[in-house]
Each structure stands twice: as C-alpha cells, then as structure tokens.
1. Looking only at the range 98-127, which residues are farther than 13 Å from residue 60 by Cβ and not hydrophobic (A, V, I, L, M, F, W, C)?
2. Could you please let me know if residue 26 is more than 10 Å from the chain's Cα centre (by Cα), surrounded by fewer than 20 Cβ atoms within 10 Å (Cβ to Cβ) and of a type in the set (Ser, Thr, Tyr)?
3. Answer yes or no as to whether residue 60 is within 16 Å of the ligand (Cβ to nearest atom) and modelled with pLDDT of 95 or more.
4. Among the residues of the range 81-112, count how many are in contact with a helix residue (DSSP H, G or I) (Cβ under 7 Å, 6 or more places away or on another chain) and either basic (Lys, Arg) or not in a loop (DSSP other than H, G, I, E, B) (or both).
5. Given the conditions (1) small (Gly, Ala, Ser); (2) surrounded by fewer than 20 Cβ atoms within 10 Å (Cβ to Cβ); (3) in contact (Cβ under 8 Å) with a residue 12 or more places away in the chain, and given that residue 46 satisfies all but one, which numbered condition is not satisfied?
6. Taking the range 41-52, which residues are part of a loop (DSSP other than H, G, I, E, B) and more than 11 Å from residue 22 (Cα to Cα)?
7. Tell me, yes or no, whether the range 61-77 has at least one residue that is within 21 Å of residue 1 (Cβ to Cβ), assigned to a helix (DSSP H, G or I) and either under 13 Å from the mean Cα position of the chain (by Cα) or of a type outside the set (Ser, Thr, Tyr) (or both).
8. For residue 52, all conditions in the list (1) closer than 30 Å to residue 126 by Cα; (2) surrounded by fewer than 18 Cβ atoms within 10 Å (Cβ to Cβ) hold save one; what is the number of the exception?
Amino acid sequence: MSYISDDGHHQGWIAPVFLDGSLGISVTDAIVTVGYGPDGAYLDPADQQERPDTEVTGWMMVCSKPAPYREWPALTWRGSLWSRVRTPAEQDLTARRVCLSDDYNAYWEPAAMKATAEQEWKRHIASGGVCGNSWNEGRPDRPH
Ligand SMILES: [Zn+2]
C-alpha cells in the first residue's frame, strides 16, 4: 500500500530492496518484478527483471510525487535501509535488522519495521518542500 501526505505532495511506500539496490514494484506468487534501479529511476518494462522473493535483502520507505495507480514516477526520496535477517535471534530493530524468514513473502515488509518507517517518512514530509529529484541528496532525512 502507499501513503499520500495530507498536502498531496508526497506518495510514500515501503519497497523491497535487492542486494544491488534495485527495488521491487509488484509480486506474483513468490516472484517479484524489479521496477526501479538503484538510482530511483523507473525501469523501462523491457528492462524489468523478475526475481524470487527469497533474494530480497531488505526494505525501505521511498517517496515521490503522487501518481495515478500503476504509474511509476521517479523516486525522489528514500528512508533508511532495513536489512533482512532470517532468524529472530539476529533481529535488532534499533540497528534496523528485521527478521523475515523464507516462509513469508518478502515483497511485503515485516510488521515490526512499519511504524518506524512511517515515522521517518512523516519527518521527511514535515521537513518541508515538495518531492524534487534528489534521490541521493535526500538520504536519509534531508529536505528536498
Ligand atoms: Zn516526498
């Protein structure tokens, strides 16, 4: 799901992240479609790959200008990366290590990180301005 800010300038969602920094945009069964490159640019559909959800290495909140359903604007802000660990013993939420075993579909973020990621996105909105085109400059909490 995605979130729209009250002022209508931001659309945030929690994206699954792969080791190379690419982001998933949809899932069918356990196969994730990779729709954004590591630079936050939307990939041409011909260049989009399908990868098993077991290859998801983490999640992060991302933001862009709001767009209609199934339109994919360039991402202009990203929050902190949460790394995926496979066992509860490895989980450390203060270090943003969150557990999701291979029994669950990793396209969907673990519930344990959700509230913190949403708070980070709300701080991004509260920092002022509209979403620009500063994917890298925006990391993690600078206004843009
Ligand atoms: Zn934004």
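The values are calculated or read from the model by the stated rules, or taken from the named source; none is laboratory data. Given the structure is predicted, the values throughout are model-derived calculations rather than measurements. Every residue, glycine among them, receives a Cβ derived from its backbone with ideal geometry; neighbour counts consider all protein chains shown.
1. 101, 102, 103, 104, 105, 107, 119, 122, 123, 127
2. So residue 26 passes the test.
3. Working: within 16 Å of the ligand (Cβ to nearest atom): yes; modelled with pLDDT of 95 or more: yes.
So residue 60 passes the test.
4. 6
5. If we test residue 46 against (1) small (Gly, Ala, Ser); (2) surrounded by fewer than 20 Cβ atoms within 10 Å (Cβ to Cβ); (3) in contact (Cβ under 8 Å) with a residue 12 or more places away in the chain, just (3) comes out false.
6. 44
7. no
8. Of everything listed in (1) closer than 30 Å to residue 126 by Cα; (2) surrounded by fewer than 18 Cβ atoms within 10 Å (Cβ to Cβ), residue 52 misses just condition (1).
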